[in-house]
Amino acid sequence: MTGAWVRRGATALAAARTAIGVVALASPPLVGRPWVGDAAEGTPGRVLARALGGRDLALGLGTLAALQQFPPAGSDRPDRVAGLWVGMGAMADSVDLLATVTAWDRLPPVGRWLVAASAGGAAAVGTAVAWALIAGDGDS
């Protein structure tokens, strides 16, 4: 992968994650319903969706900031910092996939496939992009 493509991929993942976070905070059932069905309408479902929204918002904004080369003090490789942020997002997506698979038979049929595909795809792409950034393939 070329550096420009790696950085564009990381930016796209981070922007999508940030958008999902904002939507989950503003309208929790919209994000929660595909995953947990009618449970997303109740207070516990709304609380969980907002918590996940906060997680995604923080990971997305952290990644975008790192990609803009606002690294922590003393970092000489901002792409490595960005790669760590992307990697943490991929880890979160992997856990989402695992949680979905663990409860597969008790989740809404269409929603479980949607969540499994989106979380699994984001985890795979995020892992590849994180690896490339950390290894130095994302250098501009």
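The values are calculated or read from the model by the stated rules, or taken from the named source; none is laboratory data. Since the structure is predicted, the reported quantities are computational estimates derived from the model, not experimental observations. So basically every Cβ, Gly included, is an ideal-geometry build from the backbone, and we count neighbours across all protein chains shown.
Elements of the type helices (runs of 4 or more DSSP H) sitting completely within the range 1-119 and holding at least 1 residues that are among the polar types (S, T, N, Q) and in contact (Cβ under 8 Å) with a residue 60 or more places away in the chain: these cover 78-102. Filter the range 65-89 for residues that are over 17 Å from Gly136 (Cα atoms) and modelled with pLDDT of 95 or more and give the result. Met88, Gly89 - these are the residues of the range 65-89 that are over 17 Å from Gly136 (Cα atoms) and modelled with pLDDT of 95 or more.
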